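Q: Can you keep this structure in mind? I'll have questions shortly.
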Amino acid sequence: MDLGLRPEAQALLMRVKEMITEEIMPLEEAYHAEIGQGDRWGYTARQAEILEGLKAKAKARGLWNFWLTDSDKGLGLSTVEYAYFAEEMGKTPMGAEVFNCNAPDTGNMEVFERYGSAAMKEQWLKPLLEGEIRSAYLMTEPDEASSDATNISMRCERDGDDYVLNGEKWWASGAGDPRCKVYIVMVRTGGDDAPKHKRHSMIVVPAGTEGVEVLRPMQVYGSDDAPHGHMHIRMTNVRVPAENMILGEGRGFEVAQGRLGPGRIHHCMRAIGQAEAALEMMCRRSLQREAFGKAIAHLGANYDIIANARMEIEQARLLCLKTAWMMDQGDMKAAAPWIHQIKVVAPLMSLKVIDEAVQMFGAQGISQDTALAGMWKNVRTLRLADGPDAVHRRQVARTELRKYTQERI
């Protein structure tokens, strides 16, 4: 089981690290200071200059679309190798987008590449791969327990050459961005007489289609995450061409599993990067700050806290790399239990390390003067994104119990 990097991938990773450290991180403060200066759901000239300038540099240097593993459109990285890149990108809020590896676009691009028609690839995949537009994935619904996706109820009915959609979605991440031009939407097309996992479909809806109404941005611990946003959307008699259906009616779960598996592990890779960044901040703070006549690193249980953070990061990284290796073997069914495991382990570990770093900074740690408060908010949200911990634990337990019983669990 090879969990390392080929020499050429290692050289590429060093270039990414260098760009993040020397060019992206120094511009973070200036970029985020522009949010709310004018239209909150738009980009100021300075923001656009910073972001698009960095993207142009990354693209010109060939540091682009790393997430396209085992694809002729990408750089030929394995999922294991991509884990190291995603971890580095996770250390800065701007990292993933600068290299065109940002969610939810990577998952949506996976869908278009694997399952999309030639027309979808031309109209949507091509500009997404170029970083010219953004996209959103609409699955969760306000009136349904969407952790059980068989509950999804947004109606999608055939009417001649069109499908007509009615219902509401929320937590549509990225739908607030003015560059968001397309949604991939999970809908119900089958009746109660259809098999449970054949009742749903995926369909493409261009943003701005008549009948699409953005009701509000959802707040995450009081933050609206502008200009990215997590939007609550209502669709009323939204009409799209029948050819916008992906693969065909009743194949929504097939598409969803192809999309969510990679997306879940990408989130975990970036969470490990955030934990590394928090541990570095914790260590620097503990050596620079003094109390009771000595550096706070030497006070209380801080040695143990720092040591445990290092050990827990390493444990989570190894599980993440093994999960990536399982995915690289090409059997997503065999990889699924590992994806469920890391989806629980990585956010919990990262959240703990970030919280300890906050404690080391004291009141400053929860303020706008460090990145820690935003990191904690993002990772805490990750414990719900792509399924809550309890759902993933349930799947891990079911897999484990099947070893000892022939009964259906």
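The values are calculated or read from the model by the stated rules, or taken from the named source; none is laboratory data. What you see is a predicted model; the values in this text were computed from it and never measured. Cβ: placed from backbone, ideal geometry, glycine included. Neighbour counts: every protein chain shown.
Q: Filter region 90-123 down to the residues that are among the aliphatic types (A, V, I, L, M) and free of Cβ contacts under 8 Å to residues at least 60 places away in the same chain, then identify the one that is nearest to Pro347 (Cα to Cα). So that I can check it myself, show each step before the final result.
A: Pass one, region 90-123, residues among the aliphatic types (A, V, I, L, M): 94, 96, 98, 103, 109, 111, 118-120.
Narrowing the set further to residues that are free of Cβ contacts under 8 Å to residues at least 60 places away in the same chain leaves 109, 118.
Numbers: Met109: 24, Ala118: 37 Å.
Restricting to residues being among the aliphatic types (A, V, I, L, M) and free of Cβ contacts under 8 Å to residues at least 60 places away in the same chain, the top hit is Met109.
Q: Hey, another quick one. Taking Gly252, is it under 30 Å from Gln359 (Cα atoms) and modelled with pLDDT of 95 or more? So that I can check it myself, show each step before the final result.
A: Values: under 30 Å from Gln359 (Cα atoms): no; modelled with pLDDT of 95 or more: yes.
No; evaluated as a whole, the condition is false for this residue.
Q: Of the conditions (1) modelled with pLDDT under 95; (2) in a helix (DSSP H, G or I); (3) surrounded by 19 or more Cβ atoms within 10 Å (Cβ to Cβ), Asp386 clears all except one; give me its number.
A: (2)
Q: Can you tell me which of (1) out of contact with any helix residue (DSSP H, G or I) (no Cβ under 8 Å at 6 or more places or on another chain); (2) part of a helix (DSSP H, G or I) is the one Trp41 doesn't meet?
A: With (1) out of contact with any helix residue (DSSP H, G or I) (no Cβ under 8 Å at 6 or more places or on another chain); (2) part of a helix (DSSP H, G or I) applied to Trp41, the lone miss is (2).
Q: Scan region 193-209 and report the pairs whose first residue is at pLDDT below 95 and whose second residue is not in a loop (DSSP other than H, G, I, E, B), with Cβ atoms within less than 6 Å and a gap of 6+ or a chain change.
A: That search, which allows pairs on different chains as well, returns Lys196/Thr150; His197/Phe253.
Q: Condition first: surrounded by 15 or more Cβ atoms within 10 Å (Cβ to Cβ) and part of a loop (DSSP other than H, G, I, E, B). Now tell me which residues in region 128-146 satisfy that. Show your work before the answer.
A: We begin by selecting, within region 128-146, every residue surrounded by 15 or more Cβ atoms within 10 Å (Cβ to Cβ); these are 128-129, 131, 133-141, 144, 146.
The answer is Gly131, Ile133, Met139, Thr140, Glu141, Glu144, Ser146.
Q: Please enumerate the residues belonging to region 368-409 that are over 22 Å from Val344 (Cβ atoms) and of a type in the set (S, T, N, Q).
A: Initially, region 368-409 is screened for residues over 22 Å from Val344 (Cβ atoms), giving 368-374, 405-408.
Result: Gln368, Thr370, Thr405, Gln406.
Q: Name, by its number, the condition in (1) within 14 Å of the chain's Cα centre (by Cα); (2) not in a helix (DSSP H, G or I) that does not hold for Glu87.
A: Of the numbered conditions (1) within 14 Å of the chain's Cα centre (by Cα); (2) not in a helix (DSSP H, G or I), the odd one out for Glu87 is (2).
Q: OK, next. List every residue pair whose Cβ atoms sit under 8 Å apart, with the two residues 6 or more apart in sequence or on different chains, where the first one lies in region 245-271 and is of a type in the set (Asp, Glu) and the second, anywhere, is outside any strand (DSSP E or B).
A: As it stands, the answer is Glu249/Thr189; Glu249/Gly190; Glu254/Leu247, since those pairs meet every condition given.
Q: Take region 319-364 and flag every residue that is without any contact (Cβ under 8 Å) to a residue 12 or more places away in the chain, within 23 Å of Ser78 (Cβ to Cβ) and part of a helix (DSSP H, G or I).
A: The answer is Lys333, Ala334.
Q: Let me ask another. Looking at Thr44 and the list (1) crowded, with 16+ Cβ neighbours inside 10 Å; (2) of a type in the set (Ser, Thr, Tyr); (3) under 30 Å from Leu260 (Cα atoms), which single condition is not satisfied?
A: Evaluating Thr44 over (1) crowded, with 16+ Cβ neighbours inside 10 Å; (2) of a type in the set (Ser, Thr, Tyr); (3) under 30 Å from Leu260 (Cα atoms) leaves (3) as the failure.
Q: Select from region 252-294 the residues that are small (Gly, Ala, Ser) and over 29 Å from Pro93 (Cβ atoms) and write down the one among them that is nearest to the chain's Cα centre (by Cα). Step through it out loud before you land on a result.
A: Filtering region 252-294 for residues small (Gly, Ala, Ser) gives 252, 256, 258, 261, 263, 271, 273, 275, 277-278, 286, 291, 293.
Then keep just the ones that are over 29 Å from Pro93 (Cβ atoms); that gives 252, 291, 293.
Values: Gly252: 20, Ala291: 39, Gly293: 44 Å.
For region 252-294, the residue satisfying everything is Gly252.
Q: Another one. Being within 21 Å of the chain's Cα centre (by Cα) and β-branched (Val, Ile, Thr) is the filter; apply it to region 301-329 and report the residue that is surrounded by the fewest Cβ atoms within 10 Å (Cβ to Cβ).
A: Ile313
Q: Tell me which residues, restricted to region 221-233, are touching a residue at least 40 places away in the same chain (Cβ under 8 Å) and surrounded by fewer than 16 Cβ atoms within 10 Å (Cβ to Cβ).
A: As a first pass, look at region 221-233 and keep what is touching a residue at least 40 places away in the same chain (Cβ under 8 Å): 221, 223-233.
Hits for region 221-233 are Tyr221, Ser223, Ala226.
Q: Considering only region 352-394, how many residues are of a type in the set (Val, Ile, Thr) and within 15 Å of the chain's Cα centre (by Cα)? First the steps, then the outcome.
A: Taking region 352-394 and keeping what is of a type in the set (Val, Ile, Thr), we get 353-354, 358, 366, 370, 379, 381, 391.
Right, trim to within 15 Å of the chain's Cα centre (by Cα) and you get 379, 381.
Qualifying residue count for the region: 2.
Q: Which one of these is assigned by TED's automatic domain parsing to the domain that holds Ile184, out of contact with any Phe, Trp or Tyr (no Cβ under 6 Å at 6 or more places or on another chain) and under 23 Å from Val255 (Cα atoms): Ser147, Ser117?
A: Working: Ser117 fails: assigned by TED's automatic domain parsing to the domain that holds Ile184.
Exactly one of Ser147, Ser117 is assigned by TED's automatic domain parsing to the domain that holds Ile184, out of contact with any Phe, Trp or Tyr (no Cβ under 6 Å at 6 or more places or on another chain) and under 23 Å from Val255 (Cα atoms), namely Ser147.
Q: Considering (1) under 23 Å from Leu54 (Cα atoms); (2) crowded, with 23+ Cβ neighbours inside 10 Å; (3) at pLDDT 95 or above, say which one Val80 fails and leave the rest.
A: It is condition (1) that Val80 fails.
Q: Any residue that is over 23 Å from Asp369 (Cα atoms), basic (Lys, Arg), in contact (Cβ under 8 Å) with a residue 40 or more places away in the chain and touching a Leu at 6+ places or on another chain (Cβ under 8 Å) - is there at least one of those in region 296-318? Explain how you work it out, then say what you get.
A: The first filter runs over region 296-318 and keeps only residues over 23 Å from Asp369 (Cα atoms), leaving 298-301, 303-304, 307-308, 310-318.
Still in the running and basic (Lys, Arg): 310, 317.
Within this subset, residues satisfying the condition of being in contact (Cβ under 8 Å) with a residue 40 or more places away in the chain are 317.
From what's left, touching a Leu at 6+ places or on another chain (Cβ under 8 Å): none.
No, that holds for no residue.
Q: Mind checking which residues of region 330-359 are out of contact with any Asp or Glu (no Cβ under 9 Å at 6 or more places or on another chain), surrounded by fewer than 23 Cβ atoms within 10 Å (Cβ to Cβ) and over 21 Å from Leu3 (Cα atoms)?
A: Leu351, Asp355, Glu356, Val358, Gln359
Q: Tell me the strands (runs of 3 or more DSSP E) entirely within region 154-233 that contain at least 3 residues that are more than 25 Å from Thr381 (Cβ to Cβ) and under 24 Å from the mean Cα position of the chain (by Cα). First the steps, then the outcome.
A: Numbers: elements: 155-159, 162-173, 180-188, 200-206, 212-217.
Hits in region 154-233: 200-206.
Q: Just a yes or no: is a residue in region 365-376 in contact (Cβ under 8 Å) with a residue 24 or more places away in the chain, over 30 Å from Glu29 (Cβ atoms) and of a type in the set (S, T, N, Q)? Don't jump to the end; show me each part of the working.
A: Keep residues of region 365-376 that are in contact (Cβ under 8 Å) with a residue 24 or more places away in the chain, which gives 370-372, 374-376.
With over 30 Å from Glu29 (Cβ atoms) added as a condition, the list becomes none.
The answer is no, given that none of the residues of region 365-376 is in contact (Cβ under 8 Å) with a residue 24 or more places away in the chain, over 30 Å from Glu29 (Cβ atoms) and of a type in the set (S, T, N, Q).
Residue by residue, here is whether (1) of a type in the set (Gly, Ala, Ser); (2) modelled with pLDDT under 95; (3) over 30 Å from Tyr31 (Cα atoms) holds:
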residue: Glu132; (1), (2), (3): no, no, no
residue: Asp159; (1), (2), (3): no, no, yes
residue: Tyr163; (1), (2), (3): no, no, yes
residue: Glu168; (1), (2), (3): no, no, yes
residue: Gly176; (1), (2), (3): yes, no, no
residue: Val185; (1), (2), (3): no, no, yes
residue: Thr189; (1), (2), (3): no, no, yes
residue: Gln219; (1), (2), (3): no, no, no
